[in-house]
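The values are calculated or read from the model by the stated rules, or taken from the named source; none is laboratory data. The structure presented is a predicted model; accordingly, all values stated were derived computationally and were not measured. Counting neighbours? That spans all protein chains shown, and the Cβs are built from the backbone with ideal geometry, glycine included. The accessibility values were calculated without ligands, DNA or RNA, using every heavy atom of the protein model including side chains. Shrake-Rupley method; radii C 1.70, N 1.55, O 1.52, S 1.80 Å.
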Amino acid sequence: MAPKKLDPFLILLSLFLAFKFNLSNGESFIGVNYGQVADNLPPPSATAKLLQSTAIGKVRLYGSDPAIIKALANTGIGIVIGAANGDIPSLASDPNYAKNWVSSNVLPFYPSSNVILITVGNEIITSNDPNLMNQMLPAIQNVQNALNAANLGGKIKVSTVHSMAVLKDSEPPSAGKFHPEYSTVLQGLLSFNNATGSPFAINPYPYFAYRDDPGRQDNLAFCLFQPNAGRLDPNTNIKYMNMFDAQVDAVRSALNSMGFKDVEIVVAETGWPYKGDSSEVGPSLENAKAYNGNLIAHLRSMVGTPLMPGKSVDTYIFALYDEDLKPGPTSERSFGLFNPDQSMIYDAGLSKQQQQNSTSPVVAPSPDMSKSPMTPDVPNSNPPSTPAVSSNPPPGTPASAGPSPTRNKAQFSNGHEAIFLQPLMITFSTVVTLMLLY
């Protein structure tokens with residue numbers, strides 16, 4: 001019997017609806033950090049609704065707050081939970097402690113709450129605590145064993161998070177190398193990452209690169225994904241056009257140099273403060289909107305980085321909300337994308353409508369250099385990022401040091417058309433195939 005003739009119009013309509021449905025969900029490569037060092041945060045249920053209204057596909061917690069994990073149940077949003085630095089000695093020395101941790105923080109919620117990754121500690125290798133450094137991998141292995149015992153070993157990954165200070169060299173990107181004093185602990189950790197398929201999670205901040213060297217030519221535009229002359233990597237003859245790609249590719253080169261070409265990179269944190277003290281370099285609403293908006297457009301383009309083309313690295317933007325209890329300069333409390341009432345602090349292009357119209361890049365204003373002093377040297381002390389210690393941190397929230405930025409100077413080639421052309425070509429080729437078959 002000859003196959004039944006299919007109406008080409010119905011084929012087109014079905015594919016169009018499927019395409020629209022796919023776009024209606026969060027984008028898996030766009031994540032956000034949800035810090036809790038604050039006393040004015042909305043209830044978790046409100047945050048869950050906010051996230052569902054955006055293109056954000058993943059959220060990273062620094063702890064394992066059960067109220068938040070529950071609130072995200074049945075949303076499909078990927079959840080990263082964290083074991084605190086202070087838990088590492090017990091996790092490393094006592095397998096039963098690791099089993100109890102998994103039993104308390106994962107098993108009651110999974111799979112309704114889509115836990116995808118557990119980060120054991122934050123920036124341990126650059127903490128200058130040799131005991132924690134030596135205990136980190138045993139702690140990670142015990143958490144992995146506890147997941148294996150619960151038949152979740154292949155479903156939830158385990159890793160840790162690093163600052164860019166693990167790199168000794170980062171410019172040009174092809175010369176990226178880890179500090180030799182970290183080689184032993186990194187060899188063990190990367191062997192674990194490679195064996196289990198878990199990612200190498202890193203915190204690249206172009207904001208720090210600009211803050212530490214504001215006098216460099218085109219540095220602000222380079223860090224904000226804005227038009228600039230670019231920077232040539234003489235080893236590869238690749239011209240980088242933005243700092244984010246340069247920093248990520250420096251990490252890729254460092255991993256490759258140690259023989260771990262298959263270990264995936266995840267950007268655990270990156271962001272830009274929208275305000276700061278008068279003495280701070282770079283924070284402004286215009287710069288924050290330019291960085292995060294253009295970063296999101298770059299991720300959506302699926303261009304990737306020069307060393308990892310054709311895909312977007314999973315990237316968690318810092319942060320969902322401001323954290324008003326964090327100490328330090330004003331910028332520490334000014335990385336948020338949304339206010340506690342869920343209104344946008346500025347429009348970074350995260351709405352679902354912007355997701356569906358992502359062929360047009362986010363238009364960023366001219367960089368704000370009004371707070372840039374003439375002196376290029378800015379102290380490295382007390383950089384912002386991950387939740388710092390507060391006098392009364394919320395339950396389940398580990399205190400974690402902010403990144404220790406290195407002078408990572410390097411860039412990308414843009415291609416916002418890719419996100420539009422790829423699905424169109426797939427749709428067109430599918431329609432042609434079906435019509436030929438029927």
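Here are some notes:
- Taking 25 Å as the limit for the C-alpha separation, the pairs LYS99/LYS155; LYS99/LYS326; LYS177/LYS311; LYS239/LYS261 exceed it in the case of LYS99/LYS326.
- When THR270, THR196 are compared by accessible surface with a 1.4 Å probe, the order from highest to lowest is THR196, THR270.
- Scattering profile of segment 263-335 at q = 0.18, 0.20, 0.28 Å⁻¹ [log10 I(q)/I(0), Debye over alpha-carbon scatterers]: -0.76, -0.87, -1.25
- Amide N proximity, segment 47-80 versus LYS155 label position 7 Å along Cα-to-Cβ, cut-off under 15 Å: 73-79
- For LYS168, a cut-off of 13 angstrom between C-alpha atoms picks up these aspartates and glutamates, skipping any fewer than 8 places away in its own chain: GLU181.
- Length gained when the stretch ALA229-GLN52 is fully extended (0.36 nm per residue, less Cα-Cα span): 59.9 nm
- The H on the amide N of ALA201, modeled in the peptide plane, is under 5 Å from the matching H of THR160, HIS162, VAL266, each at least 5 residues off or on a different chain.
- When both segment 172-227 and segment 72-112 are represented by their alpha-carbon centers, they are found 27 Å apart.
- In plain terms, the chain from ASP262 to SER183 could stretch by 26.7 nm, reckoned as 0.36 nm per residue minus the Cα-Cα distance.
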